[in-house]
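In what follows, a single structure is set out as structure tokens and then discussed.
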Amino acid sequence: MTQDTHIVEEFANFVAEFKDESDRAIVVLTAARLDLLLMSVLQKHLRPSPAKTDDFFENQGPGATLSGKIMLANRLGLIDDDFARALNLVRRIRNDFAHETSACSLEQGGHLHRVRALAAPYQKHPFYPWFGKKFFHSDPPGRTNFMTSVGILILRLEFLLSKLDTIDYSKATPVIPKSEWPIKK
């Protein structure tokens, strides 16, 4: 089995696990998956933390929030502006759903508008309707569009993670190059 096949199978299992969940649970859990994937991508690409804990991704570190991870991945050139825009839309939908006290739905009002904005750039690609039908054929339109868009984002991050290299730290600029230090006899 190839790495790509494994990634798709893992995604199918992820989708099956959340098939019967509420819209709120789906939004919060898929956003958590994107957050975790972005952290994995950044941790794989960046120089490892010299400490046991990685304060960069914890507490008040710059990579502790989903928005911080999105900005960093974009500024490092790991994801393009459209990818960052889509992730930020998912983040906003997640924040809305997490803070609403009443029932929330991907089929109504502002949520549906954001889902449409999330899906719009991708819906014309032939892969989009095929992907939606393969994984989300019986769901209502808002949920299908949300899950299809988020599913594509998840898979793209999984493929990026599988092919990414760590930054070459040997090119880091020292304060004083070793070649300029006096030679001990």
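A few comments on the model shown:
- S170, sole failed condition from (1) among the polar types (S, T, N, Q); (2) at pLDDT 85 or above; (3) surrounded by fewer than 17 Cβ atoms within 10 Å (Cβ to Cβ); (4) not in a loop (DSSP other than H, G, I, E, B): (2)
- A117 being free of Cβ contacts under 8 Å to residues at least 40 places away in the same chain, surrounded by 15 or more Cβ atoms within 10 Å (Cβ to Cβ), farther than 21 Å from F14 by Cβ and touching a Leu at 6+ places or on another chain (Cβ under 9 Å): yes
- Leading residue by the ranking (nearest to M39 (Cα to Cα)) among those in the stretch 132-185 that are touching a helix residue (DSSP H, G or I) at 6+ places or on another chain (Cβ under 9 Å) and among the aromatic types (F, W, Y): F159
- Per the conditions (1) touching a helix residue (DSSP H, G or I) at 6+ places or on another chain (Cβ under 9 Å); (2) under 25 Å from L38 (Cβ atoms); (3) surrounded by 11 or more Cβ atoms within 10 Å (Cβ to Cβ), the sole criterion not satisfied by P129 is (2).
- Residue list for the stretch 37-94, restricted to those being β-branched (V, I, T) and under 30 Å from S22 (Cα atoms): V41, T65, I70, I79, V90, I93
- Selection status of S105, under 21 Å from K19 (Cα atoms), touching a His at 6+ places or on another chain (Cβ under 7 Å), in a loop (DSSP other than H, G, I, E, B) and not acidic (D, E): yes
- Yes/no for N95 being under 17 Å from L34 (Cβ atoms), in a helix (DSSP H, G or I) and without any contact (Cβ under 8 Å) to a residue 12 or more places away in the chain: yes
- Filtered residue count, the stretch 1-37, keeping only those that are without any contact (Cβ under 8 Å) to a residue 12 or more places away in the chain, among the acidic types (D, E) and part of a helix (DSSP H, G or I): 2
The values are calculated or read from the model by the stated rules, or taken from the named source; none is laboratory data. Given the structure is predicted, the values throughout are model-derived calculations rather than measurements. Counting neighbours? That spans all protein chains shown, and the Cβs are built from the backbone with ideal geometry, glycine included.
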